[in-house]
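First comes the structure, then the notes that go with it.
The values are calculated or read from the model by the stated rules, or taken from the named source; none is laboratory data. Remember, predicted model here, so these are calculated numbers, not experimental data. Note: accessible area is taken over every heavy atom of the protein model, side chains too, but ligands, DNA and RNA are not part of it. Shrake-Rupley method; radii C 1.70, N 1.55, O 1.52, S 1.80 Å.
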Amino acid sequence: QVQLVESGGGLVQAGGSLRLSCVASRRTNTIYAMAWFCQAPGKEREFVAGISWSGGITRYADSVKGRFTISRDNAKTTVYLQMNSLNPDDTGVYYCAADGVSDPEFLTTIRKSYNYWGQGTQVTVSS
């Protein structure tokens, strides 16, 4: 129902910034909550940030709160993750994910609720 393609990852020094993008190609009129997950080396894939279809609800992992900002464009075709004040603990593969919903205000942090995933983009933060 939707294809997701991430971009914007790369190598950055601690304290720097990156902006990730996720382009969603919808095949139906289903609405989606969107989220970013990160899989760090040797760890499970974890929730980083999410946004409801309406854009009115956002949630962040405690570790990134105040540093990262998730947003989506007005057409709901692209989701962004602005990452500031990066530190080496932010290193990992970042995946864009979509959760088909019926409520435009719904947003979950539960990984298994997300049915569609991008291929990931590598973020490496050097110390």
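On a C-alpha basis, how far is the centre of segment 14-28 from the centre of segment 77-102 in Å? Whole number, if you could?
7 Å
Please state the relative contact order of segment 1-100 as a whole percent: Cα pairs under 8 Å, 6+ residues apart?
Dividing the mean separation by the residue count of segment 1-100 yields 36 percent.
What percentage of the solvent-accessible surface of segment 1-56, computed with a 1.4 Å probe over protein heavy atoms, is contributed by carbon and sulfur atoms? It would help to have the intermediate numbers written out before the result.
On the way: 1240 of 2770 Å².
Solvent-exposed carbon and sulfur of segment 1-56 make up 45 percent of the total.
Could you report the chain's accessible area per residue, 1.4 Å probe, as an integer in Å²? Please report the intermediate quantities before stating the final value.
Values: 6440 Å² over 127 residues.
Per residue, the chain has an accessible area of 51 Å².
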